[in-house]
Amino acid sequence: MVGEADFRSYYGRPVIKKPVWKSPDVPGYLFAGGMAGASSVMAVLADVTRRPGLARAGRIAGGAGATVSVVALVHDLGRPERFLNMLRTFKVTSPLSVGSWILAPYGTLAVAAAASEVTDVLRGPGRLAGAGAALLGPALATYTAVLVANTAVPAWHEAYPELPFVFAGSGMQAAGGVGLLGAPGAEAAPARRLAVLGSGLELAASQRIERRLGLVGEPYRTGRAGRLLRLGRVVTGASVALGVLGRRSRLASAVAGLGLMTSSAFTRFAIFDAGMVSAADPKYTVVPQRERLEGR
């Protein structure tokens, strides 16, 4: 009797092409876009509930996040005209094309709203721009999950049901951190609730990825990605506790806000790293394929 052979690829070479996206450009873009989109929504809700300090923090974060997103994306592409070329056509079946058409108008509106907030000029048009950015905010915060899941990278593709929830929760967590950091203490209660809700959503969805994916979920549990996720969860728990228990302290709220934003960034970098690891190791592509064939 001959035992079942261990899996090996041809000379140990990857069987899919590893993405050419660079770090920190792309994970930084994932974080900044999520924070910006959720912050714009928070700013409009703060306007409705008459919390001007919280609205100001959300608008400034939206404009800053949009600017960082565009800069990071252009730097990763290598030349600015490559980003402009993506706007020449609109292809609804391409997440990259749809995402470009989300980012471009969102960035324009968010920067205009932030500029009006900072300069106190054209407040009416600035609020309209902020409302337009808020309409596009949820799409900006989550379309990148569809973008990465629409690749052949195993750790991303197999996690397509959960990644939008991870990205949405992570963006809400970062926006809550923005509110705790930038808004007066008397106006920070909605930001605190947003941070708690986003943290819970991100935690539940990311843990489901690790449990459901089996072998393909291994890169999320090991290596640099695993360490970042575990550290992020510790920072999230400590920040949420500090934000809730120290809500009367301006310093405690600011530290909690920074912690929540840092944890959100850890999640984006961890997801990026896990995908790259799974693309480089052929077992994450071939072994699940063989298991599916045997299951049929």
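A compact table of results
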{"item": "Spatial separation of Cα centroids for the stretch 25-54 and the stretch 183-232, in angstrom", "result": "18"}
{"item": "Residue order, fewest to most beta carbons within 10 Å, for Met172, Met86", "result": "Met86, Met172"}
{"item": "Part-to-part distance (alpha-carbon centres) for the stretch 251-296 and the stretch 119-134, which is given in Å", "result": "36"}
{"item": "All aspartates and glutamates inside 20 Å of Lys283 as judged from Cα atoms, apart from same-chain residues fewer than 8 positions distant", "result": "Glu4, Asp6, Glu158, Glu210, Glu218, Asp273, Glu291, Glu294"}
{"item": "Rounded to 10°, Cα long-axis angle of helix 223-245 versus longest principal axis of the chain", "result": "30"}
{"item": "The chain: angle of helix 250-280 to the longest principal axis, Cα-based, in degrees nearest 10", "result": "30"}
{"item": "Helix-only mean residue ellipticity at 222 nm for the chain, each DSSP H run of n ≥ 4 adding -39500 (n - 2.57), per residue, nearest 500", "result": "-26000 deg cm²/dmol"}
{"item": "Listed residue (Gly182, Ser278, Ala36) projecting farthest to the positive dipole end of the chain, Cβ model", "result": "Gly182"}
{"item": "The stretch 180-250: relative contact order in percent, alpha carbon pairs under 8 Å with at least 6 residues between", "result": "42"}
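Each value in this text was obtained by applying a stated rule to the coordinates, not by laboratory testing. Source: prediction; values computed, not measured. Every residue, glycine among them, receives a Cβ derived from its backbone with ideal geometry; neighbour counts consider all protein chains shown.
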